[in-house]
Structure formats: C-alpha cells, structure tokens
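Asker: The structure is given below, and queries will be raised subsequently.
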Amino acid sequence: MTFEDPLFADYPDLLDVARRVAGERYGTAVYGFVADGGEAVQKEIAWTTAGLHG
C-alpha cells in the first residue's frame, strides 16, 4: 500500500527505502518525513528477512 497511498507520494526518499526493503534481504536506510504537526524529522530503519516454512 505504500506505493499507492497518496500520503507518501511527496516523499520520494521514503518510496526508495520501501523499494529497498521489498528487494533486499537486509539493510539500513534513512529518510525524511513530516511528522504530525508539520515538523520535518529524519527516520532511520533497519530490516532483516526471516525464513518461514523452509
């Protein structure tokens, strides 16, 4: 839903990170976002893929 939701359309850095999460087994990234109240914040994400059912 991230790629279709209009909320994220103005955040190309976030969309790039979402593509990385979908395509890479693990990693870290930083992206900018505007929090509730209009404050610009920088977010950091780390992910890893876990196997399930083999």
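Asker: From the list 29, 46, pick out the single residue that is of a type outside the set (Lys, Arg), part of a strand (DSSP E or B) and surrounded by fewer than 10 Cβ atoms within 10 Å (Cβ to Cβ). Show your work before the answer.
Answerer: Numbers: 29 fails: surrounded by fewer than 10 Cβ atoms within 10 Å (Cβ to Cβ).
Matching residue, one of 29, 46: 46.
Asker: Go through the stretch 8-26 and give me each residue that's assigned to a helix (DSSP H, G or I) and open to solvent by less than 100 Å² (accessible area, probe 1.4 Å).
Answerer: Correct list: 8, 12, 13, 14, 15, 16, 17, 18, 20, 21, 22, 23.
Asker: Then there is this: Could we say that residue 3 is on the phi < 0 side of the Ramachandran plot, among the aromatic types (Phe, Trp, Tyr) and assigned to a strand (DSSP E or B) here? Spell out the reasoning first.
Answerer: Working: on the phi < 0 side of the Ramachandran plot: yes; among the aromatic types (Phe, Trp, Tyr): yes; assigned to a strand (DSSP E or B): no.
No: the conditions fail for residue 3.
The values are calculated or read from the model by the stated rules, or taken from the named source; none is laboratory data. What you are looking at is a predicted structure, and each value in this text was computed from that prediction instead of being measured. Cβ atoms come from the backbone with ideal geometry, glycine included; neighbour counts cover every protein chain shown. For accessibility, only protein heavy atoms count, side chains too; no ligands or nucleic acids. Shrake-Rupley method; radii C 1.70, N 1.55, O 1.52, S 1.80 Å.
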